[in-house]
Each structure stands twice: as C-alpha cells, then as structure tokens.
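Structure first, then comments.
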Amino acid sequence: MATTLLEGAEFAPGIDEHPGHDQAPDRDLHPWAREMYRRGFNFNGGERNKLFLGTGSELVDVSDFSEANSPLDGRGLVAADFDDDGDVDLFVHNIQRERHHLFRNEVNPGAGGFVSLSLFSEAREPIGATVYVTPEGAGAPTAQVLSRGSGYASCQPNSLVFGLGEAKSARVSVRWPYGAVEDFGVLAGGSRARLMEGSGKAELRPRARCASLADPLPPGLKLALGARVPVLLFEGSDGGRHRLDPEAITKDGPVTIEVWASYCRPCVEKFPELIRRHGEGERIIALSVDMPSERARAERLLLGAGVSFPNFFLVMDDEGNETGFDTMIDLMRLPIPTELTLHPGGILGGVRTGRAER
C-alpha cells in the first residue's frame, strides 16, 4: 500500500520536537506515528477502496462502476452472505466517524447456482479446514479454507459460499485441520448445509428468515419511507399553478411521481419504460426540475416521446410561497431520475433511482 506524506510534515529520529507537544507519552513512538497522533488522522486516508471482479481468468477492476469506490479510509472488511441469498456481500468498517458500509451483492439475485456450507467440530472450531466443491460435470474442484481472521481488523464467519455456475449440484468433501478427508456426498444447487466433522452427512437447513437488505434512500430525500407526503405545488405548461394533494390522488391506488430533467439522458431514455407501464395501468405523474428557460425543450422531449400521462414543472417561487418540496426534497443533492411511489393516504411507499430497466 502506498503511503502519502503530508505536505509540510517533518520527520526526524528521536523525540518529537513540535512546539507545544508533550514529549514524554510518545518518546518511544516512530516519528510517523507521532505525526499521525499530532495531526489526528493517518497518511492513507485519501486512498479510495477498490473492488475487483473475477472472470475466471483474470481480475477486472470494477471500482469506478460500483458504490464500493469510496474515499473513506476502510479498515476492516467482512465478506459474508448477510441476507442468505447465495452470494457474498461486503461489510466495510471505515475509520472516519465510524461511517460503515454494507454493500449488497446483486450480481445473480435469486440464482440457485451455489452451496453455502458451515463447518463445525465437537472439540474445537475447525479453523484451517479446506472445503472442496466439485460442480456437476466439472473436472476439477474449487477449494476454500476456513480462515476466520482472514483480513485486517476483521473476522469472517464460519460459512463458505461456493458458486456452481450452470451446474445443478456438486460433490462436497472436507480436509479437516488434522488431515482427515471426509466426503459429504452430492448437494443440490441452492443448498445450505452444516458439515459436522465425523458425521459423514450434510445437515440441510432452510434459508434464514432475515429481512432482505433494503436499498438506501438517495441523498437529498428528506422523507423516510412511511412518512406522509406534504401537499405540493406544481406549474403546468401554461404557467398555471396546480395543487397536488397526495392523500386525494391516491384514493384509487398508488401513484408514481417521476422526477426528471431534459438535460438528464438517463431520464429521457426511461420514457419508453414509463409509457409502457402507464399503458399497463400504472398511474404516473412526470415532474420536471428544469429551469423556466429550459421548459420548452422539456416539452418537446415529452411530445416527441409520446408521453400521455400528466406532466408538470417544479415551481420556481421567489415570493416565499410554500410549495411543499422544501420539506420533501433537496434538489441540489437528489439524483435523477428518481421515482417516488405514493401509497394510499399520501404515504411515501417506495423510492427508485437510476436508469430504465433493461
């Protein structure tokens, strides 16, 4: 790991001579350690986290395409199947202000091509055991070692997850820490099993009844799920004001508010999906956050796309009138496109950001 020296920092052997610093407590510390103590942060705090994807033949850096590309100073990492769906999620402990991250793995949501194995022994925890999994039709097994403390300042669970690819089942065997090799037979894809040393039989378990890992709410959204949406004030294409009462418009069922802008390419590319959903009966309102000078362009895009559901513009009010959005959305931080799903009673029931479904 590269180490970045701080601009203006002085490093010299012996006792720290920075003015006002008590020399006695850190007399035996390395000069760099004393400098970190004096400044209150470390030298590696500016290094971003990295994420690599294994393709079978190489590791590809996908950091820039993932939320894992964080500037926070990651310290501990736990790789485990937190939602018990057959893939490995990541929990990252960051040193700054203890702002931890839990990254949900959705590469193969709901896929059955895996086995999840937990190892146990009567005498002691079988740290160092090697598990071999040979997918059906594959020539060579894949192997993982139960290491537990396999990362800096972190501890892994005693469960190992193996991907099976297209295989429907796999043969499982374990080389226990004292050298004995034990065959646990063939397990179907999607199996979750306990492997007890000496039993010779895998004990299947059901999927844990844990809640799915929910998507975090986007920055800029001031309301939590389950909160009542305030009355909102819109402007129409004619410049007239339109009062939207979330409780009133949801009496006949949920309503989706699509927040978009004409300068947002993903927003425009999403129109065909919204038009399809509207044709299937979904009630949709488009809310443009374009400035007044850009409204004509936004209207041309709506017309060209064939949008037939209601569309309005954000009120740009300099007169101090209450529009409702200041208590609901911070437009400087809210990513677009963003869908807000209003449930009966005017309750915020769902939030979705990002591009159209493929």
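The values are calculated or read from the model by the stated rules, or taken from the named source; none is laboratory data. A quick note: this is a predicted structure, and the numbers were derived from the prediction, not measured. Cβ placement follows ideal geometry from the backbone for every residue including glycine, while neighbour counts extend to all protein chains displayed. In case anyone asks, the SASA skips ligands and DNA or RNA and just uses the protein heavy atoms, side chains included. Shrake-Rupley method; radii C 1.70, N 1.55, O 1.52, S 1.80 Å.
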Handout entry: Residues (outside any strand (DSSP E or B) and either touching a His at 6+ places or on another chain (Cβ under 6 Å) or of a type in the set (K, R) (or both)) located in the range 325-358
Key = R333, R355, R358
Problem - Within the range 244-266, considering residues that are over 22 Å from V229 (Cα atoms) and in contact with an Asp or Glu (Cβ under 8 Å, 6 or more places away or on another chain), the one least open to solvent (accessible area, probe 1.4 Å) - result: S262
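Looking at R207, R297, can you tell me which residue is of a type in the set (K, R), under 30 Å from D87 (Cβ atoms) and surrounded by fewer than 19 Cβ atoms within 10 Å (Cβ to Cβ)? Let's see the steps before the verdict.
On the way: R297 fails: under 30 Å from D87 (Cβ atoms).
Step by step, each of R207, R297 is checked, and only R207 is of a type in the set (K, R), under 30 Å from D87 (Cβ atoms) and surrounded by fewer than 19 Cβ atoms within 10 Å (Cβ to Cβ).
Out of A202, A188, A153, A193, I need the residue that is small (G, A, S), touching a Gly at 6+ places or on another chain (Cβ under 9 Å) and buried (at least 16 other Cβ atoms within 10 Å of the Cβ). Which one? Steps first, please.
Details: A188 fails: buried (at least 16 other Cβ atoms within 10 Å of the Cβ); A153 fails: buried (at least 16 other Cβ atoms within 10 Å of the Cβ); A193 fails: touching a Gly at 6+ places or on another chain (Cβ under 9 Å).
So the residue among A202, A188, A153, A193 that is small (G, A, S), touching a Gly at 6+ places or on another chain (Cβ under 9 Å) and buried (at least 16 other Cβ atoms within 10 Å of the Cβ) is A202.
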Practice task
Consider only pairs whose beta carbons are under 6 Å apart and that are at least six residues apart or on different chains; among these, list those whose first residue lies in the range 84-104 and is at positive phi and whose second residue is open to solvent by less than 80 Å² (accessible area, probe 1.4 Å) and modelled with pLDDT of 85 or more.
Solution key: G86/F114
Problem - Hits in the range 261-282 - residues which are in contact (Cβ under 8 Å) with a residue 12 or more places away in the chain and within 19 Å of L334 (Cβ to Cβ) - result: A261, S262, Y263, C264, P266, C267, V268, E269, K270, L274
Handout entry: I285, sole failed condition from (1) open to solvent by 40 Å² or more (accessible area, probe 1.4 Å); (2) outside any loop (DSSP other than H, G, I, E, B); (3) of a type in the set (A, V, I, L, M); (4) in contact (Cβ under 8 Å) with a residue 12 or more places away in the chain
Key = (1)
